[in-house]
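Reading through the structure tokens given below for one structure.
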Amino acid sequence: GPGASCGHANTMRRQAAGHRLLFASSLLVTAGLIPWALSALEVASSRQYRPFAFLLRTSVSPGVRLRLLHTPRQAWNDDSPPPPPPRPPRERKMTDVEKQADAIVHAVVAVELLHWHGKLGGTLENAFRKCVYSPALPRLQRLTNRKDSADDFKIDMKTGRKLSRPSRVHDAALEKQFTLGYAFTDVALKALCRSDNGIWLPLARYQARKELNLADVEPEEDPQAKDLVAFSQGVIRSGGKELVQVSTRSVGHGDAKQNIWILPVFVDHDRSSHAERQALLVLLEAAPIDSVSEGVKDGVTGQMRVYASHTPCISCLSSMCQFTRCFEGADIQVTYDTWKETRRWIGLDPPDEIPSEDEEEEK
């Protein structure tokens, strides 16, 4: 009836008025908080005032709160003591493995210097042989054939399939040192039946040094791996016929076709592109490879010579050991020079002239 309609209209008007009142109250509350927010931002962003005094506004009277907000901070002057110096960053402690590796590096450098000056011998030589060379030699010997290193690939003896395909040699004994040094690398090559200083050495030195001069390599104290070169010769035969013959080839830092049987050793950085390893891989590119074993086919024989213009690192030395597990019918001979000897023959710039006494007096 008419009375019911009137009551419904009154109810709607009361609800609308309530909504307007609630909205107006919200605006007033928000407007009341804005000054406090602005004062907090001003104080927090200013160095002149106490940065956290505005947090006390809920526990002090407005007059005291205002004085706290506008109390300037005491500025530094010439009579005030300077702030304490910042603490130096805390040095990271070396692990036992890192300490051992660092000690081996220092031992290698010491042995190199003594050998260069002809003073290597006695206690230090015996200690280096015992602590560095002797643990590394059997690990290198293991890499010379497929049988001893089969566990690295988890080879299925029935099918010959490799269940594991590592990208590098995982050997803690070899990863401790970056090289065995000039003297003990030669000892290791002789023990592994890979050392040779035949009549081809003068040709190898000439070709390698010629390439270094053509590349304008600077005779620096410590060469970079990308600037070094390796000289190689090789021959591959099958069924009494000669398939490949390389009479002279200089190989530098590169990226030859990889072979699963010749893997690098990671020490401090990636050494897979070193010239000595690349020389081995370049020759294997021309060899017939078995699709199952991924090594050179049975019945194929060959020989290879490698000369390094720098003492081979542990990764290159291990690659020279692995060459015969990839090419089981081959033989390899290796020789090398120290960088101190090689750098004497490269670089076309003459040394700086020493001024005479008369020239110095004129100055």
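The values are calculated or read from the model by the stated rules, or taken from the named source; none is laboratory data. None of the values given here were measured: they were computed from a predicted structure. Heads up, the Cβs are rebuilt from the backbone with ideal geometry, glycines too, and the neighbour counts pull from every protein chain shown. Heavy atoms of the whole protein, side chains included, go into the accessibility calculation; ligands, DNA and RNA do not. Shrake-Rupley method; radii C 1.70, N 1.55, O 1.52, S 1.80 Å.
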Using per-residue counts of other Cβ atoms within 10 Å, averaged over each peptide, order 299-310, 332-343 from highest down. 299-310, 332-343
Name the long-range amide H neighbours of residue 237: under 5 Å, sequence gap of 5 or more, or other chain; modelled H, no Pro or chain starts. 243, 301, 302
How large is Rg/Rh for the stretch 95-202, to two decimals, with Cα atoms and a Kirkwood Rh? 1.06
Under the rule of at least 5 residues apart or a separate chain, name every residue whose amide H is placed under 5 Å from the amide H of residue 338. none
Would you mind checking which residues have amide H under 5 Å from residue 229's amide H? H placed 1.01 Å from N; only 5 or more apart, or other chain. 309
Using packing as a proxy for protection, rank 197-210, 263-276 so that the peptide with the highest average count of other Cβ atoms within 10 Å comes first. 263-276, 197-210
Using the Kirkwood radius over Cα pairs of the stretch 283-338, the Stokes-Einstein translational diffusion coefficient at 4 °C and 1.567 mPa s, in µm²/s and rounded to a whole number, is 107
Explain nothing, just compute: Karplus ³J(HN,Hα) = 6.51 cos²θ - 1.76 cosθ + 1.60, θ = phi - 60°, for every residue of the stretch 326-334 in order, whole Hz, x for Gly and Pro. 7, 10, 5, x, 10, 10, 9, 10, 10
Probe 1.4 Å, protein heavy atoms only - accessible area per residue of the stretch 215-332 in square angstrom: 42
Provide the per-residue ³J(HN,Hα) series for the stretch 342-347, in order, calculated from phi with Karplus coefficients 6.51, -1.76, 1.60 and θ = phi - 60°, each as a whole number of Hz, with x at glycine and proline positions. 5, 5, 5, 10, 10, x
Order the peptides 99-105, 312-318, 246-252, 233-239 from the highest to the lowest mean number of other Cβ atoms within 10 Å of their residues. 312-318, 233-239, 246-252, 99-105
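Quick one: which of 176/210; 99/162; 190/340; 158/257; 158/297 span more than 30 angstrom between C-alpha atoms? All intermediate terms of the calculation are to be shown ahead of the outcome.
On the way: 176/210 34 Å; 99/162 36 Å; 190/340 22 Å; 158/257 28 Å; 158/297 18 Å.
From the list (176/210; 99/162; 190/340; 158/257; 158/297), the Cα-Cα distance tops 30 Å for 176/210; 99/162.
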Using each residue's phi in the stretch 213-226, evaluate 6.51 cos²θ - 1.76 cosθ + 1.60 at θ = phi - 60° and report the 3J(HN,Hα) Karplus result to the nearest Hz, with x for Gly and Pro. 5, 5, 8, 6, 6, 6, x, 7, 5, 10, x, 8, 4, 5
Based on alpha-carbon centroids, what's the gap between the stretch 189-246 and the stretch 270-285 in Å, whole number please? 12
